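Quick notes on the structure that follows.
FYI, it's all coordinate maths here, none of it is from the lab. Everything quoted here is computed from the prediction, not taken from an experiment. Note: ideal-geometry Cβ built from the backbone for every residue, glycine included; neighbour counts use all protein chains shown.
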Amino acid sequence: MSEKLRNVPRVKEKKTAKVFLPEEEYAVRYEHPDLLDFINDHGIKLENQGNYSDAETLLRHVLEVRGITLGNDHPDFADSLHNLGIVLGNSGKYEEAEALFRQSLEIQLKLHGEVHRDVASSLNNLGIVLFNQGRNIEAETFYRRALELWKMTVGNDHVDYACSLNELAWFLYNQKRFADAEPFARESLQVFEKSGQRDSDDYFQAQDTLEQIIQAQTRLLKAKITN
């Protein structure tokens, strides 16, 4: 069962100007930064609505223009790589999504160092696309690194930490490691409850994860008794 990627709000930084070559000037004339931000936000909105095809078209355009106008070492370019990676991952284009996440992560590490929430988000989404490709050993490494970074950057009472706990629990459940998965699922629910997120979709997903883990353990126990 594939896991859906989620778009965590990125940390916004100040934009820096760039000197343009003549052949690059068309992009400056064609896209005002505010218009480009609007297109980017609309692409993310379409992705959240499940309209991956139109979202991909818009976000590829934003990525191309930001690469020209800002350069491929700018935080906004890294964000565009990440946003497009989410759309591609949720469209089943896992290999291309993985490549974009890795490129985004490389830029973020140069900009921020290891301990940063954008790094945690990229690590987590890399874990998801690797899991969806069946590369489970690699995936688990990224899930656990992301969880550790979420705890360091936002704390163990934040919804992003709770989501990361649930994603690791779901991964372990799918590996039939139910006893390993249960503590993460329970902690995820506890964090959601403490942060007042009982009505959120993420909370209901975490609740469903724990229920499925318990049901699987119950089935195993019954099978042992009958045998």
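Annotations
- Between ASN40, ASN174, ASN83, the Gaussian network model of the chain with springs among Cα atoms under 10 angstrom shows the greatest mean-square fluctuation at ASN174.
- GNM flexibility winner over the chain from ASP208, ASP34, ASP180 (Cα, springs under 10 Å): ASP34
- Cα Rg, Dmax (largest Cα-Cα span) when computed across the chain, Å: 19.5, 77
- Rounded to the nearest Hz, the phi-derived 3J(HN,Hα) couplings of the range 124-131 under the Karplus curve 6.51 cos²θ - 1.76 cosθ + 1.60 (θ = phi - 60°) are 5, 6, 4, x, 5, 5, 5, 4, where x marks glycine and proline.
- Dipole magnitude of the chain, debye to nearest 20 (Cβ charges: Lys/Arg +1, Asp/Glu -1, about Cα centre): 800 debye
- Inter-label distance, nm, simple model (7 Å from Cα along the C-beta direction), VAL115/THR226: 5.2 nm
- The simple spin-label model puts a point 7 Å past each Cα toward its Cβ; for HIS42 and GLN207 those points are separated by 3.7 nm.
- Too-long pairs where the Cα-Cα distance tops 23 Å, listed order kept, from LYS110/LYS194; LYS176/LYS222; LYS194/LYS222; LYS45/LYS110: LYS110/LYS194; LYS194/LYS222; LYS45/LYS110
- Label-point separation in nm, LEU35 to THR218, each point 7 Å along Cα→Cβ: 5.8 nm
- Here is the size of the range 154-227 from its Cα atoms: Rg then Dmax, 13.2, 47 Å.
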